[in-house]
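In what follows, a structure is listed as structure tokens, so that the remarks can point back to it.
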Amino acid sequence: MRTRCDRTAAWPLLQSQFESTGKTLDLRDAFAADVQRFADFSQHAPYVFADLSKNLLDKATQALLFDLARQCGVEQHRDAMFAGEAVNTTENRPALHFLLRNPPAGQYIPAQAAIDKIADKQAEVEATLNAMLAFATQVRANSDITDIVNIGIGGSDLGPQMAVLALDAFAEKSRRFHFVSNVDGQHLADVLAQCKPESTLFLIASKTFTTVETMTNAQSARDWFVANGGGSTQDHFAALTTNVAAANAFGITTTFGFWDWVGGRYSLWSAIGLPIAIAIGSQGFREFLAGAHAMDEHFRRAPLAQNLPVRLGLMDVWYRNFHGFASRSIAPYSHALRRLPAYLQQLEMESNGKRVDVQGQALPFDTAPVLWGEPGTNGQHAYFQLLHQGTSVVPVEFIAVKTPAHALPGHNSKLLANVLAQAQALMVGRSDAGGHKNFPGNRPSTFFLLDELTPASMGALLALQEHRVFVSGSIWGINSFDQWGVELGKVLAQDIEPRLHSGDAAGLDASTAGLLQRLGPGRR
Ligand code: F6P
């Protein structure tokens, strides 16, 4: 059913298109030639307006990209995911993160094909969500708890951390949230120094409940809690995990489960989202899910040509495989979204940083670009020099919010003026000054605009990014839902750790052995 992009009829046509007009497309000429360009290359989706017009695309290219999507079977692949098929082929699992944001049964009728596979799961999702939200409500009502410490890493950290920061305007201010991820003990030590055992709730967030960093931090947190007279761990530790048995064995009885069909980087909609629910409340969390669901419905139902995740995913392929752009910069002009780039790095690079297709065959083309970025306007005073005048072209994704959550006068207009100006400067450039002051322009960018940063718009924005990653992964013929590339380092670390105690370097490569000897034995 899936056809890899390079085996479609559209692929060589896109190559010809790139050679004939694509690589020389000039945005300034394109706008001059077409007064409709802004309208034709912008797209409304739930809660998100996207202006794609400052991208190196024309209508002929877009038409070929839609052909490519059809020939790759993107729509069928999407429908297979929503029908609960095992789209995560290497782990033989479905990818049902969308189920976590479906409205309660009775309010939502899934497609007939999906009913058999997902109806029983939907009931479990609802029961767990209700239990988790009831717990969040209880925590919010307990004024003795002043500090929430989430211990988790990767998807068990980046999503909830990013969203708690993003939705701070909707959070109660009486509680502090801390996110401890790094196995570097300094991270936990810094947080513990700010907390008191009797007023702290630890959330141990781990899909597997085996991740070394999280288990090490959880153990140390418990030791600190006991050593400092915290009392009953039962009241101060909860686990968010698919491995409830391991959490129980660790001594945690308050647990909120999820399922192997929720990938770590797609898990903030599940029990892993508990810090978000504590921060913004149960109604806010339901709005967050509802915003994401609205985007799910857009992705499922909008025709390809008006389907924002499809348009973005196809543009990603165009840039990566034809223009050869190796990275994409994320520029949220919103302090609240400051952790979004880190979250998107895991989402896209762990999903699509793959070199073999679903059959295990080596790919003859590139896949995920490197994602990076900082919030604006900070990035302007650091690396925007390279974006404007460097030798490589880096597509930029601006995210702006129309109405701010703060009331300080004079800031929002400056922020918005800057984001508009940067996108404009990248495109129009400057040729009236020579040499060092010349700006080549014609540098592409996408502009996302949210009316407000709310739980619902945040949910929609994140689901949009998930589906866009699905689309490019689908075109590339890869499995976007596994992450075997993270395993080797974990295995080698298990071998190296005892050597740091003993100093034994036997059998290691000369560089690792040399470094081990420099560190010396007796490391703890
Ligand atoms: O090592 C990568 C990874 O497996 C991610 O995919 C995941 O989000 C993270 O580790 C944390 O895993 P867990 O939630 O099982 O602790």
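The values are calculated or read from the model by the stated rules, or taken from the named source; none is laboratory data. This structure is a prediction, so every number in the text was calculated from the model and none was measured. Virtual Cβ from ideal backbone geometry, glycine too; neighbours counted across all protein chains shown. Just the protein is used for accessible areas: all its heavy atoms, side chains included, with ligands, DNA and RNA removed. Shrake-Rupley method; radii C 1.70, N 1.55, O 1.52, S 1.80 Å.
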Just want to confirm a number: the relative contact order over the chain, from Cα pairs under 8 angstrom separated by 6+ residues, in percent. 19 percent
Note the full-extension length gain between residue 366 and residue 32 as 0.36 nm times their separation in residues minus their Cα-Cα distance, in nm to one decimal. 116.9 nm
Quick one: pull the percent of accessible area on the stretch 172-322 belonging to carbon and sulfur, 1.4 Å probe, ligands and nucleic acids left out. 50 percent
Within the stretch 158-251, GluC sites (Glu not before Pro) in DSSP loop having at most 14 other beta-carbon neighbours inside 10 Å: 172
By a straight-distance test (C-alpha under 13 Å), which aspartates and glutamates pair with residue 490 as possible cross-link partners, with residues fewer than eight away in the same chain excluded? 213
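Want the number for residue 71 to residue 297: 0.36 nm per residue separation, take away the alpha-carbon distance, what's left? Let's see the in-between values first.
Working: separation 226, 0.36 × 226 = 81.36 nm, distance 2.23 nm.
Net length gain for the segment: 79.1 nm.
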How would you order 343-355, 80-92, 270-282 from highest to lowest mean count of nearby Cβ atoms within 10 Å? 270-282, 343-355, 80-92
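Using a Förster distance of 41 angstrom, determine the FRET efficiency expected from the C-beta separation of residue 173 and residue 383, and round it to 0.05. Walk me through the intermediate numbers first.
Working: r = 33 Å, r/R0 = 0.82.
After rounding to 0.05, the efficiency reads 0.75.
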State which helices in the chain qualify, where a helix is a whole DSSP H run, it must extend 27 Å or more along its own axis by its Cα atoms, and its mean Kyte-Doolittle hydropathy must be at least 0.0. 112-141, 274-301, 455-476
May I ask you to list the trypsin sites (Lys or Arg not before Pro) in the stretch 129-238 that are in a DSSP loop and have at most 15 other Cβ atoms within 10 Å of their Cβ? 173
So what is the accessible area of the chain per residue, in Å², with the probe set to 1.4 Å? 42 Å²
Dipole magnitude (debye, nearest 20) for the chain, charges at Cβ of Lys, Arg, Asp, Glu: 720 debye
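Could you give the size of the charge dipole of the stretch 102-277 about its Cα centre, using +1 on the Cβ of each K and R and -1 on the Cβ of each D and E, expressed in debye and rounded to the nearest 20? Before the final figure, lay out the partial values.
Details: 10 positive and 16 negative charges, 31 e Å.
It works out to roughly 160 debye.
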Based on C-alpha coordinates, I'd like the Rg and Dmax of the chain, in Å. 24.2, 73
Under 12 Å from the Cα of residue 54 - aspartates and glutamates, other chains or at least 8 residues apart: 26, 29, 40, 397
Here the residues of the stretch 195-239 lying in the modelled label zone of residue 131, meaning backbone nitrogen under 15 Å from a point 7 Å along Cα-to-Cβ, are 238-239
Any chance you could run the full-extension gain for residue 245 through residue 13? It's 0.36 nm times the residue separation minus the Cα-Cα distance, nm to one decimal. 78.1 nm
Given the C-alpha centroids of the stretch 212-250 and the stretch 261-327, what is the distance between them in whole angstrom? 31 Å
Given 475, 35, 298, which one lies farthest toward the positive end of the charge dipole of the chain, if we put +1 on the Cβ of every Lys and Arg and -1 on the Cβ of every Asp and Glu? 35
Over the chain, the sum of -39500 (n - 2.57) across DSSP H runs of at least four, divided by residue number and rounded to 500 deg cm²/dmol, gives at 222 nm -14000 deg cm²/dmol
Considering the alpha-carbon set of the stretch 332-445 alone, what are its Rg and its Dmax in angstrom? 17.4, 57
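Rounded to the nearest 0.05, what FRET efficiency is calculated for residue 42 and residue 86 with R0 set to 22 Å and r the Cβ-Cβ distance? Walk me through the intermediate numbers first.
On the way: r = 36 Å, r/R0 = 1.65.
Rounded to the nearest 0.05, the efficiency is 0.05.
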Select from 97, 189, 423 the residue farthest towards the positive end of the dipole of the chain; place +1 on Cβ of Lys and Arg, -1 on Cβ of Asp and Glu, and compute about the Cα centre. 423
At what distance in angstrom do the alpha carbon centres of the stretch 453-524 and the stretch 36-77 lie from each other? 34 Å
Which of the lysines could a cross-linker bridge to residue 196, judged by Cα under 23 Å and excluding same-chain residues fewer than eight apart? 173
Taking every DSSP bridge whose two residues both lie in the chain, the antiparallel percent to the nearest 5 is 25 percent
Quick one: which of 207/354; 207/402; 59/437 span more than 28 angstrom between C-alpha atoms? 207/402; 59/437
Under a 5 Å amide H to amide H cut-off, with H placed in plane at 1.01 Å, what residues pair with residue 254 once short-range neighbours are removed? 239
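Pop the C-beta distance of residue 63 and residue 338 into the FRET formula with R0 = 51 Å and round what comes out to the nearest 0.05.
On the way: r = 38 Å, r/R0 = 0.74.
Result of the calculation: an efficiency of 0.85.
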Modelled label-to-label distance, residue 494 and residue 305, 7 Å Cα→beta-carbon offset: nm? 5.4 nm
